Amino acid sequence: NAGVTQTPKFRVLKTGQSMTLLCAQDMNHEYMYWYRQDPGMGLRLIHYSVGEGTTAKGEVPDGYNVSRLKKQNFLLGLESAAPSQTSVYFCASSPPDGYEQYFGPGTRLTVT
Amino acid sequence: GEDVEQSLFLSVREGDSSVINCTYTDSSSTYLYWYKQEPGAGLQLLTYIFSNMDMKQDQRLTVLLNKKDKHLSLRIADTQTGDSAIYFCAETLSNFGNEKLTFGTGTRLTIIP
């Protein structure tokens with residue numbers, strides 16, 4: 001099992017550009033999450049999904065959109081990138097009856 | 001709202017015990033967690049404790065929970081160089097244990113040879 005994978009690993013965007021981050025998991029987990037990690041602020045939840053076709057807002061959803069068209073994939077979109085979105089983005093997944101979230105390796109995004 | 005606080009840095013000599021502390025504000029937390037992040041990697045679950053427990057021990061790791069003071073600690077016995085990482089505490093209000101975690105700021109543990 002590959003676990004949770006994220007594509008791409010690194011990306012540099014100019015202000016105003018758009019992009020999509022892809023998260024894939026092969027553990028048949030129902031729940032998936034997108035976090036951003038900023039220095040001194042820990043991880044903050046952007047959006048999450050409790051099943052295929054469903055999404056919900058987390059703590060910091062503004063400027064991001066998500067889609068969960070397939071159970072194994074969770075996409076995070078930046079409509080018009082801003083320097084404040086420079087961060088490391090982590091995807092995670094979990095089963096509905098477990099105690100652990102499984103994290104991907106992260107995507108480092110820089111917006112200039 | 002929920003808020004989880006940790007010291008940002010901790011330095012410990014190799015072989016000593018490390019104690020990483022965390023305070024949280026929501027008394028309704030059901031589960032509390034410790035995650036470890038090694039350089040350039042995602043987070044991995046180290047251990048968790050249910051809110052009706054005071055202590056949990058797992059090999060070199062001891063978790064203490066003081067619900068009255070809303071204080072969680074992680075003790076690592078015989079700290080090794082491989083323990084160098086950022087340690088995050090996290091809480092959830094969910095009865096299912098793994099939904100909507102709120103993470104602390106993380107404590108960077110540095111091991112002094």
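Derivation of every value follows stated rules applied to the coordinates shown; laboratory data play no part. The structure presented is a predicted model; accordingly, all values stated were derived computationally and were not measured. Cβ sites come from the backbone with ideal geometry, for glycine too, and all protein chains shown count toward neighbours.
In the range A:33-84, which trypsin sites (Lys or Arg not before Pro) fall in coil by DSSP and have 11 or fewer other Cβ atoms within 10 Å? Hits after loop and neighbour filter: A:70. Quick check: the distance between the Cα centres of the range A:91-111 and the range B:50-113, to the nearest angstrom? Taking the Cα centre of each part, the range A:91-111 and the range B:50-113 sit 18 Å apart. Going toward the positive end of the dipole of the protein assembly as shown, with +1 on Lys and Arg Cβ and -1 on Asp and Glu Cβ, which of A:42, A:21, A:99 do you reach last? Of A:42, A:21, A:99, it is A:21. Tell me whether the range B:1-93 comes out rounded, prolate or oblate; compute the Cα gyration tensor, take square roots of the eigenvalues as a ≥ b ≥ c, and use a/c under 1.5 as the rounded threshold. Because a/c hits 1.5 or more and a/b exceeds b/c, the range B:1-93 counts as prolate. Could you run the Debye sum over the Cα atoms of the protein assembly as shown, one equal point scatterer each and no solvent, and tell me log10 of I(q)/I(0) at q = 0.09, 0.16, 0.17 Å⁻¹, two decimals? Cα-only, vacuum Debye calculation for the protein assembly as shown: -0.36, -1.11, -1.22. Based on Cα contacts under 8 Å between residues 6+ apart, the range A:18-112 shows a relative contact order of 31 percent. The mean number of Cβ atoms from other chains found within 10 Å of a Cβ in peptide A:94-106 is 5, as a whole number. Farthest towards the positive end of the charge dipole of chain B, among the residues B:73, B:101, B:25, is the Cα of B:73, using unit charges on the Cβ of Lys, Arg, Asp and Glu. About the centre of its Cα atoms, the protein assembly as shown shows a dipole size close to 500 debye [charges on the beta carbon of Lys, Arg (+1) and Asp, Glu (-1) only; nearest 20 debye].
Counts of other chain beta carbons within 10 angstrom of each beta carbon in peptide B:41-47 average 6.
Across chain B, the mean sequence separation of Cα contacts (distance under 8 Å, 6 or more residues apart), normalised by length, yields a relative contact order of 38 percent. Taking only the Cα atoms of chain A, the ratio Rg/Rh comes out at 0.95, with Rh defined as the Kirkwood radius. Dipole magnitude for the range A:1-105: computed about the Cα centre from +1 point charges on Lys and Arg Cβ and -1 point charges on Asp and Glu Cβ, it is near 360 debye. Computed from label points 7 Å out along Cα-Cβ, the spacing between residue A:112 and residue B:77 is 5.2 nm. Across peptide A:23-34, the average count of Cβ atoms from other chains found within 10 Å of a residue's Cβ is 1.
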